[in-house]
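For reference, the structure discussed in these notes is given below.
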Amino acid sequence: MNLDDICRIAGAQAGMFTTRQAELLGIGRKGLREAVRSGGVLHPARGLYAVTALVDTGSVAWQHHLAAGARLLYPDATLTGVTAVLAHGLPVWGCRLDRPDLLRPIERQAGAKPYRVRPLRSTTVEGPWGRSVPLAEALVQLCMDHGIVQGVVSADAALHRGLVSKAELEAAVDAVATWSRSHRPRAMITHVDPMAESVAESRARVEFSSHGIQVESQFVVRRGDGTVIGRADFRVKGTNVLVEVDGKIKYADGDPQVLWAEKRREDDMRAEGWIFVRVTWFDLETPGKPSAKVHRAMLTESA
């Protein structure tokens with residue numbers, strides 16, 4: 001099957017096209033099946049296809065393609081949850097990305113796999129990937145679907161970038177007070193912090209709070225003469241304990257100058273009497289491990 005004509009259409013639709021569009025070009029179901037078998041076309045949902053050469057099947061990128069496909073299949077669809085959050089370029093962590101989240105003005109779940117479709121109970125706005133719920137509502141839905149820490153990670157980033165306000169988040173949380181799993185966003189809102197600069201910092205702060213450790217974000221450390229040494233990711237309130245959280249890519253390039261500057265900054269802080277704790281991404285994978293490191297440092301300080 002010659003895909004030139006369908007590629008021209010799909011190229012303007014994020015690589016996606018429908019069965020109906022193919023039929024209008026004289027491509028029947030047999031031709032589509034052959035194209036799928038040959039690998040030139042993907043078939044992610046009933047009535048929906050993708051030109052393999054025009055799409056990226058990586059999890060986040062594939063969500064974008066499927067969101068475009070949703071607009072073709074369901075002109076009345078609205079993006080919500082993790083899909084609407086990703087549309088704003090925000091990070092997500094710990095969320096399933098195999099199914100885009102849609103709302104439609106219906107009273108029952110409907111839709112072809114891999115879409116998860118729910119009744120529309122919200123106002124809509126025009127988002128980066130098309131019609132969606134307001135970002136604050138999408139963040140609350142993500143939290144209800146995937147968990148408190150997952151919600152904090154994305155909400156922190158949205159607050160940090162000024163894409164949403166704390167008041168907007170609080171209003172969105174209030175709006176779902178009677179919904180199932182509304183306890184999750186109620187907990188999320190107590191943890192969010194616009195000072196967070198990474199997924200690792202957001203995860204660490206929730207971890208510390210859940211173990212009774214209260215921290216200040218982006219703490220500026222000074223010498224005795226008042227000059228600034230640098231910033232630490234966290235200071236444990238009421239102590240001389242500083243915490244630095246190393247995310248997955250913080251030192252990925254291995255630049256010796258970056259590593260040396262980091263070591264010198266840490267040494268200067270220690271020389272001023274600060275106790276330094278370093279928490280890694282690997283530590284964060286074991287609940288309680290980062291907090292245990294900090295508690296040991298707090299005991300050292302009080303000894």
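Values computed for the structure shown
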read-out	value
Boolean, Ser202 is within 16 Å of the chain's Cα centre (by Cα) and either in the same structural domain as Trp281 (by TED's automatic domain parsing) or touching a residue at least 40 places away in the same chain (Cβ under 8 Å) (or both)	yes
Residue in the range 56-78 that is nearest to Phe17 (Cα to Cα), counting only those that are among the polar types (S, T, N, Q) and in contact with a strand residue (DSSP E or B) (Cβ under 8 Å, 6 or more places away or on another chain)	Thr57
Residue in the range 173-186 that is crowded, with 21+ Cβ neighbours inside 10 Å, out of contact with any Cys (no Cβ under 8 Å at 6 or more places or on another chain) and in a helix (DSSP H, G or I) present	yes
Exclusive hit being of a type in the set (A, V, I, L, M, F, W, C), in contact with a His (Cβ under 8 Å, 6 or more places away or on another chain) and touching a residue at least 40 places away in the same chain (Cβ under 8 Å), set Val82, Val149, Val117	Val82
So Arg104, is it basic (Lys, Arg) and touching an Asp or Glu at 6+ places or on another chain (Cβ under 8 Å)	yes
Matching residues, the range 208-217, being touching a helix residue (DSSP H, G or I) at 6+ places or on another chain (Cβ under 9 Å) and closer than 20 Å to Glu197 by Cβ	Phe208, Ser209, Ile213, Gln214, Val215, Ser217
Residue under evaluation Gly28, criteria (1) assigned by TED's automatic domain parsing to the domain that holds Val149; (2) surrounded by fewer than 15 Cβ atoms within 10 Å (Cβ to Cβ), criterion not met	(1)
Filter pass, Gly69 being on the phi > 0 side of the Ramachandran plot and either out of contact with any Asp or Glu (no Cβ under 9 Å at 6 or more places or on another chain) or touching a residue at least 40 places away in the same chain (Cβ under 8 Å) (or both)	no
Filter pass, Val152 being in the same structural domain as Leu103 (by TED's automatic domain parsing), out of contact with any Cys (no Cβ under 6 Å at 6 or more places or on another chain), crowded, with 20+ Cβ neighbours inside 10 Å and closer than 25 Å to Ala232 by Cβ	yes
Any hit, the range 249-256, residues being at pLDDT 95 or above and farther than 17 Å from Val199 by Cβ	no
Subset of the range 267-303 (residues that are of a type in the set (Asp, Glu) and over 14 Å from Phe208 (Cβ atoms))	Asp267, Asp268, Glu272, Glu285, Glu301
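The values are calculated or read from the model by the stated rules, or taken from the named source; none is laboratory data. What you see is a predicted model, and the numbers here were worked out from it, not measured in a lab. Note that we place each Cβ from the backbone using ideal geometry, even for glycine, and neighbour counts take in every protein chain shown.
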